[in-house]
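The values are calculated or read from the model by the stated rules, or taken from the named source; none is laboratory data. Here the structure is a predicted model, which means the values were calculated and not measured. Note that each Cβ is placed from the backbone with ideal geometry, even for glycine, and that neighbours are counted across all protein chains shown. Accessible surface areas use protein heavy atoms only, side chains included; no ligands, DNA or RNA. Shrake-Rupley method; radii C 1.70, N 1.55, O 1.52, S 1.80 Å.
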Amino acid sequence: MATMVRELCLILDFGSQYTQLIARRVRELKVYSEIHPFDFPLEKIRAMAPRAIVLSGGPSSCYDADAPAVSSELFQLGVPILGICYGVQLMAKLLGGEVRPSSQREYGRAHVQIRGQSELFHGFHDAERLAVWMSHGDRVDRLPEGFRLIGETHNAPAAAIADEAHQIYGVQFHPEVAHTPRGGEILGNFLFRIAGFSPSWTMASFIDQSIAELRAKIGSGRVVLGLSGGVDSSVTAALLQRAIGERLTCIFVDNGLLRSGERSGVEALFRDAFRADLRVVDAEARFLGALEGVTEPEQKRKIIGRTFIEVFEEEAHHIGSVDFLGQGTLYPDVIESVSHRGPSATIKSHHNVGGLPERMKLGLVEPLRELFKDEVRELGAELALPHHVLWRQPFPGPGLAVRCLGSISKQRLDILRAAEAIIDEEIRAAGLYDSIWQSFGVLLPVRSVGVMGDQRTYAETLCLRAVHSKDGMTADWVPLPYDLLGTISRRVVNEVRGINRVVYDITSKPPGTIEWE
Ligand code: XMP
């Protein structure tokens, strides 16, 4: 996709766990930011003409033999630069200052005392004490020439430094984290007062630019998009629909592994409200046939992935000539950064349509590839998608198959669907749905004896799972209120034939995963 002409704040990543947070904070201030690895070539940086550069923190010491570095020419580009943590240490070292190990490593809350007046601390007064988040082992001991001290702590005498003539600034603390409550103001000072950005990166402006780009790229071509009903594919569909109207065809594969009401919800929204060309493929029998007797989790996932591709391809051929495949890829999936590593893909083979474009010889359109999830939701709201679509909890591609342990049958899926509908209803009624990352049921192939009325029962077990998480990589189980646990248990056992016992999963991730398979 052609790059949009817009003001860019470039973030060079030295491996900090907070790098993505810097990008998000900058974007929250309505400035477009991109993350690139620290060794991103200087010629490319020049070509991008960023209005400002931020050097992230990182786990290294700038005196390590293999410490990540940048060329000192970066500081001669005439672009305002802000170094954070490792970024300021590296900057100080490259510009002729001295960096040493701190006598005391400093992790956690600290206070910086502002020194004098500076643009970076505009709105703060001399000697003001500022609560900040520190995480460093080294400190700047001698300032490079041209720099002056604008903030200090007991352990980091040079907690904030400035070379105003060259618009180069550095802070030892992390302005991007919530534990630095006034960090947003400091970043804002850097972006607006020092670098001269205007706060123009909004989802409304994104829609206009993105539609123009999509139209230019797609021309008179056709796009096919796999719609799952999740946030990303729904927003992609709504954006493409606005850009190219009926030349977008959405395919929704009903694999028989969906939750109750899911298919009808997608039909009502996209066919009836958005008037999109939506093809629903009823592939339940095909998926369940392929899964018959299969109990091994990875095998289930592989069968579902393969069958999805087959079904999708067949349906796409019915459309006639298609030129592009639309995908709801988001920015965190494409950031080529030092700190971006996701172990979960190696634990479970994730169900996606990664191989489709090559197989189908289609071009790709990924209109969300520059956006973070919160921006996608904001964009979706601008495109008039309803709240419940934009704020639904994540649902795995292989659907209920990975929550129906043991062998899968329509009957067992129906039991699980009924139980999950109750869980969903009760979690929403308790006002907890939006604050929980995921809450769902897992049907266990474990039968136990129970008694209902005067009758002996011998039926399967439902495990209730609810987790808090920020990104699905780690998770904590949710201490749901006892009365809510009681209500869900009572309703499931009374209302769902086939389940006579409910248990609660109190395993975090790690060591557990969120889904059971
Ligand atoms: P786990 O179970 O690995 O899940 O802790 C982490 C997050 O990923 C979701 N998940 C998937 N999402 N395709 C997806 O799009 C998949 O195959 C898949 N498997 C798990 C899971 O629901 C959780 O949010």
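In segment 438-458, which residue that is more than 24 Å from PRO332 (Cα to Cα) and within 14 Å of the ligand (Cβ to nearest atom) is surrounded by the most Cβ atoms within 10 Å (Cβ to Cβ)?
So the residue we want is GLY441.
What are the pairs, 6+ residues apart or on separate chains, where a residue within segment 496-517 that is among the small types (Gly, Ala, Ser) has its Cβ under 7 Å from a residue that is within 16 Å of the ligand (Cβ to nearest atom)?
Hits for this filter: SER508/ALA475; SER508/ASP476; SER508/TRP477.
Which residue, of ILE408, ILE422, ILE335, ILE427, is modelled with pLDDT of 95 or more and more than 16 Å from the ligand (Cβ to nearest atom)?
Selected residue: ILE422, the only one of ILE408, ILE422, ILE335, ILE427 that is modelled with pLDDT of 95 or more and more than 16 Å from the ligand (Cβ to nearest atom).
Do the conditions hold for ASN255, that is, is it more than 23 Å from the chain's Cα centre (by Cα), within 28 Å of ARG51 (Cα to Cα) and modelled with pLDDT of 95 or more?
no
Regarding segment 51-68, can at least one residue be identified that is among the hydroxyl-bearing types (Ser, Thr, Tyr) and open to solvent by less than 10 Å² (accessible area, probe 1.4 Å)?
yes
Here are some conditions: (1) open to solvent by 20 Å² or more (accessible area, probe 1.4 Å); (2) touching a Cys at 6+ places or on another chain (Cβ under 6 Å). GLN89 meets all but one. Which one does it not meet?
(1)
Give the residues of segment 379-404 that are part of a loop (DSSP other than H, G, I, E, B), of a type in the set (Gly, Ala, Ser) and either more than 16 Å from the ligand (Cβ to nearest atom) or assigned by TED's automatic domain parsing to the domain that holds THR295 (or both), sorted by residue number.
Within segment 379-404, ALA384 is the sole residue that qualifies.
Which of the residues spanning segment 363-378 are of a type in the set (A, V, I, L, M, F, W, C), in a loop (DSSP other than H, G, I, E, B) and within 16 Å of the ligand (Cβ to nearest atom)?
Result: LEU368, single match.
Against the definition (farther than 21 Å from GLU515 by Cβ and either without any contact (Cβ under 8 Å) to a residue 40 or more places away in the chain or open to solvent by 10 Å² or more (accessible area, probe 1.4 Å) (or both)), how does GLN393 come out, yes or no?
For GLN393, the condition - farther than 21 Å from GLU515 by Cβ and either without any contact (Cβ under 8 Å) to a residue 40 or more places away in the chain or open to solvent by 10 Å² or more (accessible area, probe 1.4 Å) (or both) - is not met.
Looking only at segment 459-517, which residues are of a type outside the set (S, T, N, Q), open to solvent by 70 Å² or more (accessible area, probe 1.4 Å) and away from the ligand (no atom under 16 Å from the Cβ)?
Within segment 459-517, PRO479, TYR482, ASP483, ARG490, GLU495, ARG497, ARG501 qualify.
Looking at segment 175-291, what strands (runs of 3 or more DSSP E) fall wholly within it and have at least 2 residues that are surrounded by fewer than 18 Cβ atoms within 10 Å (Cβ to Cβ)?
Output list reads 277-282.
Identify all residues within segment 164-174 that are open to solvent by less than 10 Å² (accessible area, probe 1.4 Å) and more than 12 Å from VAL112 (Cα to Cα); write none if there are none.
Of everything in segment 164-174, those that are open to solvent by less than 10 Å² (accessible area, probe 1.4 Å) and more than 12 Å from VAL112 (Cα to Cα) turn out to be ILE168, TYR169, GLY170.
Please return the ranges of strands (runs of 3 or more DSSP E) entirely within segment 62-164 where 2 or more residues are among the small types (Gly, Ala, Ser).
Of the strands (runs of 3 or more DSSP E) lying wholly inside segment 62-164, those with at least 2 residues that are among the small types (Gly, Ala, Ser) span 98-114, 129-142, 160-163.
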